[in-house]
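Participant: Please find one structure pasted underneath; my questions will follow.
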Amino acid sequence: MTTNTKNKKSTADKFKTKFKIKGNIIGLIVAAIVLGSSGLLGNLTGAFDELPGFGGVIHFNIQTVLRVIIAVAFTYAFNSVAQIIIKLIPRKNSRANTLITVLASVVRYAAVLVGICWVLTILGVGVGTVFAGVGIVALVVGFGAESLVADLVTGLFIIFENQFNVGDIIEVDGFRGTVDFIGIRTTGIRDMGKNLKIINNSDIKNVLNRSRSTSVAVVEVGVSYATDLRKIDEVIDDILADIKERNSKIFKGDITYLGVDNLADSSVVLKFVADVKEADIFTGKRLLNKEIKCAFDDAGIEIAFPQLDVHMK
C-alpha cells in the first residue's frame, strides 16, 4: 500500500468519524427538543401526574389520548438522548466498549418497560394489580421462558467474568469472527465477509478467544531437492531479520525457521512461524509467503514445483 493511499484512507476515516460525531450531536439536539417539548406538554396536560398512580378504571378521551402520545414521545426522546450520550462516551479499550454496549441495551429495555407501565397508568390500569397477576402467570409460563432466562443469566456471566469483549476475535462452533456487540440476551459476531451472526447467549459454549494472546502465522515453503540446505541455514537468519524489520507493524515477534518439516514427493518442505495479532494472522501469512519467495529468488534458492521423471527402456 502506497503512502498516498494510506493518507487518503486516513483522511476518509477522519471525515467519517467527524461526520458521525456531528450526526450524533445533531440527533442529541433534536431528541432533547422533543424531550423538552413533551415534558412541557406533559406538565400542562397532567400526563406526569398519572405516572405514580396505580388505581382507577380504564378510560378513553381526547385528553387521555394526548397524554399517551406525550408519554410515548417523552419515553422515546429520553431513550434517544440516552443512546446518543452513551455513543459519545470515549471507548478507550475493548472492555469499556463492551460495558457501554451492554449499558445501551439495558437503557433501551428499561425505557420500553417504563413506557409501557406509564401508558397503562394513564389509561387507568392498575399496574400493581397487573404485576401481581403477571407474577402468578409467570410462574406457570416460566418454564416456557427457560431459554430466555438462560440467555439473560449467561449474558451476565459473559460480562462479569470478562470472557470476551467487543472487538475480540472469537470462535464459536467453528464460526470465527469479531464480536460486534454483546447484549443481555444475544451476542453478534461478524466474520471477514462482514456477515453478522447473532447467537443467543445460552448457546455460546466452548468459546475460543483468539485475541487474548499473540497468534502464530504458519508458512510452509517447498524447495527443490537439489537445494543445498546448508546454504539456507547460512542465509536464513539475515533474510528473516530483514523481513521482520521491514514489516514490524505486522510481525510482533521474531520470525522463526523451524527446519525441514517434510520430505514431499517433489520438494523439501521448510516451516516458518511468526507471532502476529489474531486480526493480522491471514495478512501475516500472505506477507511472509511473498517475502520468503522474493528473498529466496534473490539468494538463488529454487522454490520447488511438481515434476515427473519418465524412465524409458
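Participant: Given H placed 1.01 Å from N in the peptide plane, which residues other than close sequence neighbours of F181 have an amide H under 5 Å from its amide H?
Facilitator: When sequence neighbours closer than 5 places are left aside, the close amide H contacts are G188.
Participant: Please give me, ordered by residue number, the GluC sites (Glu not before Pro) of region 199-306 that lie in loop per DSSP and have at most 15 other Cβ atoms within 10 Å. Show your work: numbers first, answer last.
Facilitator: Numbers: sites: E220, E234, E245, E278, E291, E302; in loops: E302.
When the GluC sites (Glu not before Pro) of region 199-306 are filtered for loop state and at most 15 Cβ neighbours within 10 Å, E302 remain.
Participant: Given a Förster radius of 25 Å and the C-beta distance between V149 and K197 as r, what FRET efficiency does 1/(1 + (r/R0)^6) yield to the nearest 0.05?
Facilitator: Values: r = 23 Å, r/R0 = 0.90.
Computed FRET efficiency for V149 and K197 comes out at 0.65.
Participant: Right, another one. In what sequence do C294, C117 fall when counting other Cβ within 10 Å, fewest first? Display every interim value, and only then the final one.
Facilitator: Numbers: C294 12, C117 17.
Fewest-to-most Cβ neighbours within 10 Å comes out as C294, C117.
Participant: At q = 0.18 Å⁻¹, what log₁₀ I(q)/I(0) does a Debye calculation on the Cα points of region 162-209 give, no solvent, two decimals?
Facilitator: Treating every Cα as an identical point scatterer, log10 I(q)/I(0) equals -0.44.
Participant: With label points built 7 Å along Cα→Cβ from the Cα atoms of F175 and V207, find their separation and express it in nm.
Facilitator: Rounded to a tenth, the inter-label distance reads 1.4 nm.
Participant: To one decimal place, what Kirkwood hydrodynamic radius in Å is obtained for region 215-299 from all pairs of distinct Cα atoms?
Facilitator: On the way: mean 1/r = 0.0767 Å⁻¹.
For region 215-299, inverting the mean 1/r across all distinct Cα pairs yields 13.0 Å.
Participant: Using 19 Å as the Cα-Cα cut-off, could you pick out the over-long pairs in K249/K290; K244/K277; K231/K271; K92/K285?
Facilitator: Values: K249/K290 16 Å; K244/K277 14 Å; K231/K271 16 Å; K92/K285 29 Å.
K92/K285, as the Cα separations exceed 19 Å there.
Participant: For I85, I232, I204, what ranking results if the residue with the fewest other Cβ atoms within 10 Å of its Cβ goes first? Numbers along the way, then the final one.
Facilitator: Numbers: I85 14, I232 19, I204 22.
In order of increasing Cβ crowding within 10 Å: I85, I232, I204.
Participant: Under the Karplus relation 6.51 cos²θ - 1.76 cosθ + 1.60, θ = phi - 60°, what is the ordered set of whole-Hz ³J(HN,Hα) values for region 104-111, x standing for Gly and Pro?
Facilitator: 4, 5, 5, 4, 5, 5, 5, 4
Participant: Once you place label points 7 Å from the Cα toward the Cβ at V106 and F157, how far apart are they in nm?
Facilitator: Distance between the two pseudo-spin positions: 1.9 nm.
Read-outs: derived from the displayed coordinates by stated rules, not from any lab. Note that the structure is a prediction, hence the values are computed from the model and not measured. Virtual Cβ from ideal backbone geometry, glycine too; neighbours counted across all protein chains shown.
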